[in-house]
Amino acid sequence: MPDDSNSPMAVALEEAEAAGARGEVPVGAVIVDHAGNIVARAGNRTRELRDPTAHAEIVALRAACLHFGSERIGDCDLYVTLEPCAMCATAISFARIRRLYYGAIDPKGGGVEHGARIFGQPTCHHAPEVYPGIDEQRAALLLKEFFAARRN
């Protein structure tokens, strides 16, 4: 994956930075269609909206589903800066996302390769192709700096 400013992960990182500037945990997500066009982008908004489900992935999924007029968007790929939690992984499965690209791993709260491992469960109806570690260092540094500033 190229590290240029036009890549979907670079845009997701911009969304994460904006979320952090709003006092949200800095996670960003971007959904692209089969041609690579960005159809939705979002950062975390749980505090702003007072909504525990307003994770970047969920907000972006809602926007993309509205864009396409369907709850299933199987020709789309999702780029997110942090390994999705179990809630987001389940929503990704329900939306039939084609490919999931994510940055930093989340050993504590992840739901893809850590924790619940949603896509590997027998009850999972759809598992996207998963590509971890995209711009992982940049994504992890955003989170590390955000939480370090909160502790000081």
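The values are calculated or read from the model by the stated rules, or taken from the named source; none is laboratory data. Predicted model, so just to flag it, every value in this text is computed and none were measured. Cβ placement follows ideal geometry from the backbone for every residue including glycine, while neighbour counts extend to all protein chains displayed. For the accessible areas, the whole protein counts, side chains as well, though only heavy atoms, and no ligand, DNA or RNA atoms are used. Shrake-Rupley method; radii C 1.70, N 1.55, O 1.52, S 1.80 Å.
Worth pointing out:
- For the range 36-114, the relative contact order works out to 26 percent when only alpha carbon pairs closer than 8 Å and six or more residues apart are counted.
- Fully extended contour minus Cα-Cα distance, from PHE94 to SER70, at 0.36 nm per residue: 7.5 nm
- For the range 12-152, the relative contact order comes to 20 percent (Cα pairs under 8 Å, sequence separation of at least 6).
- Between the amide H of ILE134 and those of TYR102, GLY103, distances stay under 5 Å, these residues lying 5 or more places away or on another chain, with hydrogens modeled in the peptide plane.
- The modelled label-to-label distance between ASN37 and ASP51, using points 7 Å beyond Cα along the C-beta direction, is 2.5 nm.
- Sequence of ASP77, ASP106 when ordered by accessible area, the most exposed leading, probe 1.4 angstrom: ASP106, ASP77
- Around the Cα centre of the range 8-126, unit charges on the Cβ atoms of Lys, Arg, Asp and Glu (plus for the first two, minus for the last two) sum to a dipole of about 240 debye.
- Helix content alone sets the calculated 222 nm mean residue ellipticity of the chain: runs of n ≥ 4 DSSP H residues at -39500 (n - 2.57) each, divided across all residues, give -11500 deg cm²/dmol.
- At q = 0.10, 0.13, 0.14, 0.19 Å⁻¹, base-10 log of I(q)/I(0) for the chain (Debye sum, equal scatterers on each alpha carbon): -0.30, -0.51, -0.60, -1.13
- Couplings 3J(HN,Hα) for the range 7-22, derived from phi with the Karplus relation 6.51 cos²θ - 1.76 cosθ + 1.60 (θ = phi - 60°), are 5, x, 5, 4, 5, 4, 5, 4, 5, 5, 4, 5, 4, x, 5, 8 Hz, where x marks Gly and Pro.
- Gaussian network model of the chain, Cα within-10 Å springs - most flexible of ILE31, ILE92, ILE73: ILE73
- Per residue, the chain exposes 51 Å² of solvent-accessible protein surface, assessed with a 1.4 angstrom probe and all protein chains in place.
- Per-residue ³J(HN,Hα) for the range 130-139, Karplus 6.51 cos²θ - 1.76 cosθ + 1.60, θ = phi - 60°, Hz, x for Gly and Pro: 10, 10, x, x, 7, 6, 4, 5, 5, 5
- Using a probe radius of 1.4 angstrom, the carbon and sulfur fraction of the accessible surface of the range 45-103 is 53%.
- Projecting the Cα positions of VAL30, ALA116, ALA10 onto the charge dipole of the chain (unit charges on Cβ atoms of Lys, Arg, Asp and Glu, taken about the Cα centre) puts ALA116 furthest along the positive direction.
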